[in-house]
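To start, the structure under review is shown below, and the notes come after it.
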Amino acid sequence: MKKNFSIVGTIISGIFLIGIAQSAMAEGDAAKGEKLYQREGCQGCHGATLEGSAAYPNLITSSKTASIEEFTKAVVTEGKGPMAMFKANEKVKTGIADLYAYVVSKKTKK
Ligand code: HEC
């Protein structure tokens, strides 16, 4: 009986570790994202708290920041108006996962 338990335990912790590794890869680096957010001008429009203003959407509450897919679409692939400039911004394109991690980290602090 004891042996069975340890096999089950090994399998469960293995699955758990794979899960951690996968989420770490998908999440990007929030500290790098913060620098991009400041240097690439996001802060100028969406604000230091990401809450925007009358003219600019609030990134904390926006449905477009609910997933990395929606976020990438809004910023890179389908950006409208002033956001269209990021379609050709390599730093933003390659750092999109880091930017997203930064936005998510701000959301969870609320
Ligand atoms: C010049 C001002 C400006 C800058 C700079 C800017 N944004 Fe925006 N952003 C906007 C405006 C205006 C919209 C709404 C566009 C629309 O109607 O689709 C928007 C929309 C968004 C959205 C979708 C939110 C929603 O609810 O529509 C996201 C996400 C976003 N911006 C993230 C960013 C990030 C990340 C950066 C930096 C890489 C950035 N923005 C830089 C003005 C700006």
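Only the coordinates and a few stated rules stand behind these numbers; no lab work does. None of the values given here were measured: they were computed from a predicted structure. Positions of Cβ are generated from backbone atoms using ideal geometry, with glycine treated the same way; all protein chains shown enter the neighbour counts.
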| remark: If each K or R counts +1 and each D or E counts -1, the residues other than N89 whose Cβ falls under 13 Å of its Cβ total +2
| query | Whole-Hz Karplus ³J(HN,Hα) for the range 29-39, in order, using 6.51 cos²θ - 1.76 cosθ + 1.60 and θ = phi - 60°, x for Gly and Pro? | reply | 10, 4, 5, 5, x, 4, 5, 4, 4, 7, 6
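Could you put L99, L50 in order, starting from the residue whose Cβ has the fewest other Cβ atoms within 10 Å?
Details: L99 29, L50 21.
In increasing order of surrounding Cβ atoms, one gets L50, L99.
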| said: Only counting other Cβ atoms within 10 Å, I'd like Y56, Y37 sorted with the fewest neighbours first. | reply: Y56, Y37
| said: Please compute the modelled spin-label separation between R39 and S63, points set 7 Å along Cα→Cβ, answer in nm with one decimal. | reply: 3.4
| remark: Under the rule rounded for a/c under 1.5, else prolate if a/b exceeds b/c, else oblate, using alpha carbon gyration tensor axes a ≥ b ≥ c, the range 29-109 is classed as rounded
| If the chain between E51 and A31 were fully stretched, how many nm would it gain, using 0.36 nm times the residue separation less the Cα-Cα distance? | 5.3 nm
| field | Extension gain (nm, one decimal) between K87 and E70, 0.36 nm per residue minus Cα-Cα | value | 4.6 nm
